[in-house]
1. Please go through region 200-222 and give me each residue that is in contact with a strand residue (DSSP E or B) (Cβ under 9 Å, 6 or more places away or on another chain) and at pLDDT 90 or above, ordered by number.
2. Please determine whether any residue of region 134-141 is without any contact (Cβ under 8 Å) to a residue 40 or more places away in the chain, over 25 Å from residue 72 (Cβ atoms), surrounded by fewer than 16 Cβ atoms within 10 Å (Cβ to Cβ) and out of contact with any Cys (no Cβ under 8 Å at 6 or more places or on another chain).
3. Go through region 211-269 and give me each residue that's part of a helix (DSSP H, G or I) and among the β-branched types (Val, Ile, Thr).
4. Which pairs turn up if I take residues in region 195-219 that are closer than 14 Å to residue 248 by Cα and assigned by TED's automatic domain parsing to the domain that holds residue 57 and look for partners that are among the basic types (Lys, Arg) and in a strand (DSSP E or B) with beta carbon separation below 6 Å, at least 6 apart in sequence or on another chain?
5. Taking the stated definitions as given, is residue 112 in a strand (DSSP E or B), out of contact with any Gly (no Cβ under 8 Å at 6 or more places or on another chain) and not basic (Lys, Arg)?
Amino acid sequence: MSNNTPSATTVLSFLGPLGTFTDQALLTQKDLSICDLNPLPSIPEVLHRVSDGRSDLGFVAIENSIEGSVNITQDTLTFETDVLIQREVVISVQMNLLVNSNVGLENIEEVISFPHATAQCRQWLEENLPNAVNRAANSTAEAAQQLADSGASNIATIGSARAAEVYGLTIIAEDIEDHPENQTRFVLVAKEGIPAPTGHDKTSLIIFQRADRPGSLLGILQEFAARTINLTRLESRPTKQALGDYCFLIDIEGHIADELVADCLRVLQTKHGQVKFLGSYPTDSGSSDDQDKNIRNAVSAASQEADDWLTDLRNQLPK
């Protein structure tokens, strides 16, 4: 089980600099805000530092309700690092257009920001700044820092209210995201440890198929359906091995401590392919359906009873 209790000596890396939405989400967690916070220039560097032991914890964005998965996070977790998710944090995201003092919309010729942020404001930008050039930065806060340092009067950036406060910028347009229900999911990762089950948990997996054949995905999904395990996310990513070769990224309701979840992972590993376990952790998106949960609990109890019954029988075999 996890013993990753945050303290003042815990080194926690996150996507910096100060003022990112990651920074904003991190500060909503009182126990994490007391850590030795270490802002880094990229998501892969955050995850690699945790994986190789240079940081105790890492905190990164993994999914957005509008743009979907943060692919750089998913790919680094899938192919480059060995870490376990400890918790998820979901926050509502308010996008703002930031400029230096005394700059109006009519002055803006260029907008700099993190590509995910720009994409979430695409419609607003087309309607209000149709001729502005979009340029990418490693983070929303890095873009804000660059803008503040440059003193430019023809550049804007998309970022958080905290970024405006940290870098002394002016907000000339608030809530410019195309969808007001915009939310981003962040995850806290550690090198090892699985948090104890809470009853409202999520498990994240990556499944690499042994063979790409007709019905292979259906076979995988049937293992979950047979155990009344609900999938909260299913998507595919190229394995980078060959064109058309994909792995599946799956989030399910439940914890590896649950007998049904453990049995499902066992069968998937045995029959369908290699399973990379990314963690079982408390969910921040509401509790699962009570009826499904009761069914899973009943089946888990029955499965345990069956295991005990079979063990008793096998104990009668000659030694």
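The values are calculated or read from the model by the stated rules, or taken from the named source; none is laboratory data. Everything numeric here is computed off the predicted structure, so don't read it as measured data. Virtual Cβ from ideal backbone geometry, glycine too; neighbours counted across all protein chains shown.
1. 200, 201, 202, 203, 204, 205, 206, 207, 208, 220, 221, listed by residue number.
2. no
3. Listed by number, the residues that qualify are 220, 261, 267.
4. none
5. So residue 112 fits the description; yes.
Residues are listed down the side, and each one gets a yes or a no for (1) over 21 Å from residue 180 (Cα atoms); (2) at pLDDT 90 or above:
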| residue | (1), (2) |
| --- | --- |
| 15 | yes, yes |
| 62 | no, yes |
| 78 | yes, yes |
| 93 | no, no |
